[in-house]
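All remarks here apply to the structure that follows.
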Amino acid sequence: MVEETFVMIKPDGVKRRLIGEVIKRFEQKLMEIVDIKMKLLSREEAEKLYAMHRGKSFFEHLINYTTSGPVVLIKIRGEEAVMNCRIVVGETYPEKRKAGSIRGDFSPFLTENVVHASSSKEDAKRELSIFF
Ligand SMILES: Nc1ncnc2c1ncn2[C@@H]1O[C@H](COP(=O)(O)OP(=O)(O)O)[C@@H](O)[C@H]1O
Ligand SMILES: [Mg+2]
């Protein structure tokens, strides 16, 4: 089923000039960019995006990182887009990442991992509503 989800190129991805590389990988999986914008997120926006992680040990670090430079906010559409964009992104934990995924190919770090994609249909709806 065709659906929409939310993808974000994080500050390290933008700083490393990976915008084109990242978008290419979603497009080659037949995902369609529906809307896109670049923005330096406020603390409030970052905390809203990562609300489910509030209270965890890494929350402050995550918010500081997410607001450390501009990000690219993307509304994307495609077949089972939530699942397929997660596959393109790769795993959360470095030891589980496969080569061929964005994180597997570009990040050895847990926090600085180039790209975000919503992890469920509910999250996709909520996260898209914050930025679009
Ligand atoms: N244990 C951790 N220590 C530091 N940063 C973390 C940790 N877990 C997750 N993060 C950071 O927080 C983001 C959100 O975490 P999570 O939703 O669990 O992962 P994902 O981005 O794969 O959905 C991760 O992409 C990563 O940047
Ligand atoms: Mg997540």
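The values are calculated or read from the model by the stated rules, or taken from the named source; none is laboratory data. Here the structure is a predicted model, which means the values were calculated and not measured. Note: ideal-geometry Cβ built from the backbone for every residue, glycine included; neighbour counts use all protein chains shown. Note: areas computed on protein heavy atoms with side chains; ligands, DNA, RNA excluded. Shrake-Rupley method; radii C 1.70, N 1.55, O 1.52, S 1.80 Å.
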Open item on the list: Cβ contacts < 7 Å: first residue within 15 Å of I74 (Cβ to Cβ), restricted to the stretch 118-130; second residue outside any helix (DSSP H, G or I) and open to solvent by 70 Å² or more (accessible area, probe 1.4 Å), any location; separation 6+ or different chain. Result?
Closed with: none
Open item on the list: So in the stretch 111-127, with the set limited to residues that are assigned to a helix (DSSP H, G or I) and surrounded by 15 or more Cβ atoms within 10 Å (Cβ to Cβ), which one is nearest to ligand 2 (Cβ to nearest atom)?
Closed with: D123
Task: Selected residue [open to solvent by less than 60 Å² (accessible area, probe 1.4 Å) and either within 27 Å of L30 (Cα to Cα) or within 10 Å of ligand 1 (Cβ to nearest atom) (or both)] from I87, I130 - done: I130
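Yes/no matrix, rows are residues, columns are (1) crowded, with 16+ Cβ neighbours inside 10 Å; (2) modelled with pLDDT of 95 or more; (3) under 13 Å from the mean Cα position of the chain (by Cα):
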residue: K75; (1), (2), (3): yes, yes, yes
residue: T92; (1), (2), (3): no, yes, yes
residue: I102; (1), (2), (3): yes, yes, yes
residue: F109; (1), (2), (3): no, yes, no
TODO: Could you list, in sequence order, all residues of the stretch 22-51 that are open to solvent by 50 Å² or more (accessible area, probe 1.4 Å), free of Cβ contacts under 8 Å to residues at least 40 places away in the same chain and within 20 Å of G90 (Cα to Cα)?
DONE: K24, E27, Q28
Open item on the list: Report every pair of residues separated by at least 6 positions or lying on different chains whose Cβ atoms are under 8 Å apart, first residue within the stretch 89-117 and hydrophobic (A, V, I, L, M, F, W, C), second open to solvent by 60 Å² or more (accessible area, probe 1.4 Å).
Closed with: A99/D105; F106/R16; L110/Y93; V114/R16; A117/R86
